[in-house]
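Colleague: Provided herewith is a single structure, encoded as structure tokens, for subsequent inquiry.
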Amino acid sequence: MVTIFWRDIPAQVRADTADGDTERLLLEPRFQHAIDRAATVAGLTDTHSYVAQWRRESAGIDGEPAAAAHARAAELDRAYPRDRLEALVANGGLEPPSPEPRSEEEQTHP
């Protein structure tokens, strides 16, 4: 199974079936809208720059490919609520850096 991303925003899930077909699932339109907005924020609106940002992540499949693809699409839908997509858009499609963990001293003496 392959998940296709534009930078860090998922867009599609693909899984090959036993008979050689491919199950392709586009994620909800909100993902493509986020990708388009993030590309504008990042200044990657020309075709070459935009296309160069696509990447794939492969993973094994347990069970039937179509069911696995649907499960992965549902998982991504839950993992990327509106606020996470908005943060990705604001950062040009890249996951914003995580805040640095506070030291033990900072935690005990705010």
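Colleague: Taking only Cα atoms, what is the 0 to 90° angle, nearest 10, from helix 65-79's long axis to the longest principal axis of the chain?
Modeller: 20
Colleague: Which FRET efficiency value, to the nearest 0.05, is calculated for Ala66 and Ile4 with the Förster distance at 22 angstrom and r the Cβ-Cβ distance?
Modeller: Working: r = 17 Å, r/R0 = 0.76.
In this case the efficiency is close to 0.85.
Colleague: Still on this model: Specify which labelled value, from [x] 1.31; [y] 2.20; [z] 1.47, agrees with Cα Rg over 2.2 N^0.38 Å derived from the coordinates of the model shown.
Modeller: [x]
Colleague: Separate question: Counting helices only, and only those DSSP H runs with n ≥ 4, report the 222 nm mean residue ellipticity of the chain as the sum of -39,500 (n - 2.57) divided by its residues, in deg cm²/dmol to the nearest 500.
Modeller: Numbers: 5 runs with 48 residues, N = 110.
So the calculated ellipticity at 222 nm is -12500 deg cm²/dmol.
Colleague: Could you check the simple spin-label distance between Ala59 and Asp46, using points 7 Å along Cα→Cβ, in nm with one decimal?
Modeller: 3.6
Colleague: Show me, for the stretch 18-24, the HN-Hα J-couplings you get by feeding each phi into the Karplus relation (A = 6.51, B = -1.76, C = 1.60, θ = phi - 60°), rounded to Hz, glycine and proline as x.
Modeller: Using θ = phi - 60°, the values come out as 4, 8, x, 7, 10, 8, 10 Hz.
Colleague: Here's a follow-up. Work out from phi, with θ = phi - 60° and the Karplus expression 6.51 cos²θ - 1.76 cosθ + 1.60, the ³J(HN,Hα) of each residue of the stretch 44-55, listed in order in whole Hz, and give x for Gly and Pro.
Modeller: With coefficients 6.51, -1.76 and 1.60, one gets 10, 9, 6, 4, 4, 5, 5, 5, 5, 8, 6, 8 Hz.
Colleague: Tell me which residues come under 5 Å, amide H to amide H, from Leu27 once H is placed; ignore anything under 5 positions away on its chain.
Modeller: Gln12, Val13
Laboratory data are not the source of any read-out in this text; all were calculated from the coordinates shown. As the structure is a computational prediction, the values presented were derived from the model and not from experiment. Here Cβ is always computed from backbone atoms with ideal geometry, including for glycine, and neighbour counts include all displayed protein chains.
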